[in-house]
Amino acid sequence: MRKILYTPSGRAGEYANKGYAANLFKGCTHGCKYCYVPIFTHQDRETFHSSVTTAPDVLERLRADMDRVGVLQEPIFLCFTCDPYCIDAPEGITRRAIKIILESGNRVNILTKGGMRACKDFDLLSRDPGNKIGATLTFFHRDESLNWEPKASWPSDRISMLSHASVKGIETWASIEPVIFPSHSLLIMKAAIECVDEFKIGKWNHDRRANEIDWKRFANDAVELMEKHGKKYMLKAELRRYL
């Protein structure tokens, strides 16, 4: 049986902290214009964003992999090439996957733009303080979010999800990437500062327009904000080199 767990490398590896990840679905209907997955997986962008299907035998493969690897130091990352809470994702797969991971004695680290849809699984995540949930925070204003990521949840919805998780005692984090408008990224970080335990901050890749951004200024502004509020943070290597 083909494995579902893998060890991501490069930029993704920084988020997973050299641990394992699993992609439960194929495709994503968020429709994000900045999405790197079609490039990385050599897929047509329109086809990738048209539907969401469950990866073949995903739960059976996940159960077999968890039996094989045993108890791991790092939580299992869900997901890099899809969203576990995409509005069009087949119902119940993410919850069943979380149960399989937790029942194996492991923990999960989730990243989503699905907003409040993730709250339905907080009863599972709150069982172990080692579980984490994060949201990708890209824009501050709703109109920009609608333009760039039309079917993802609103920025305010993602912050509300993180706030609910924090109240439940679940460790929260935010992925500040891509940084398309640095001023928006700084504003959304400020808006989420009280409910996010850790910020992971990157830049913008796979687009020439990123070359026009003053990354040194953004890196310093981001660090200043984090230090001012005493927040735990990580600058991805590609941004850290501008300091």
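The values are calculated or read from the model by the stated rules, or taken from the named source; none is laboratory data. The structure displayed is predicted, hence computed values, not measured ones. For neighbour counting, all protein chains shown are included, and Cβ atoms are generated from backbone atoms with ideal geometry for every residue, glycine included.
Worth a mention:
- Residue list for the stretch 220-243, restricted to those being without any contact (Cβ under 8 Å) to a residue 60 or more places away in the chain and either part of a loop (DSSP other than H, G, I, E, B) or among the aromatic types (F, W, Y) (or both): G230, K231, Y233, R241, Y242, L243
- Members of the stretch 81-120 found to be acidic (D, E) and touching a helix residue (DSSP H, G or I) at 6+ places or on another chain (Cβ under 9 Å), listed by number: E103
- A count restricted to the stretch 85-111 and to residues that are under 18 Å from G19 (Cβ atoms) and touching a strand residue (DSSP E or B) at 6+ places or on another chain (Cβ under 8 Å) stands at 10.
- Flag if A174 is within 14 Å of the chain's Cα centre (by Cα) and either surrounded by fewer than 19 Cβ atoms within 10 Å (Cβ to Cβ) or among the hydrophobic types (A, V, I, L, M, F, W, C) (or both): yes
- Residue among S126, S145, S183 that alone is of a type in the set (S, T, N, Q), loosely packed, with under 15 Cβ neighbours inside 10 Å and over 30 Å from K99 (Cβ atoms): S183
- Of all the criteria given as (1) touching a strand residue (DSSP E or B) at 6+ places or on another chain (Cβ under 6 Å); (2) at positive phi, the one not satisfied by C82 is (2).
- Single residue of S175, S145 found to be outside any loop (DSSP other than H, G, I, E, B) and in contact (Cβ under 8 Å) with a residue 24 or more places away in the chain: S175
- For K232, the conditions (1) under 20 Å from the mean Cα position of the chain (by Cα); (2) more than 22 Å from N17 (Cα to Cα); (3) among the basic types (K, R) all hold with the exception of (2).
- Summed over the stretch 59-92, residues that are of a type in the set (G, A, S), assigned to a loop (DSSP other than H, G, I, E, B) and in contact (Cβ under 8 Å) with a residue 40 or more places away in the chain total 1.
- Each residue in the stretch 22-58 was checked for being surrounded by fewer than 17 Cβ atoms within 10 Å (Cβ to Cβ), modelled with pLDDT of 95 or more and in a helix (DSSP H, G or I), and 0 pass.
- Checking the stated criteria, K168 turns out not to satisfy the condition of being farther than 22 Å from Y85 by Cβ and modelled with pLDDT of 95 or more.
The rows are residues; the columns are (1) in contact (Cβ under 8 Å) with a residue 60 or more places away in the chain; (2) hydrophobic (A, V, I, L, M, F, W, C); (3) not in a helix (DSSP H, G or I).
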{"residue": "L111", "(1), (2), (3)": "yes, yes, yes"}
{"residue": "D121", "(1), (2), (3)": "no, no, no"}
{"residue": "F140", "(1), (2), (3)": "no, yes, yes"}
{"residue": "A165", "(1), (2), (3)": "no, yes, no"}
{"residue": "I188", "(1), (2), (3)": "no, yes, no"}
{"residue": "F199", "(1), (2), (3)": "no, yes, yes"}
{"residue": "F218", "(1), (2), (3)": "no, yes, no"}
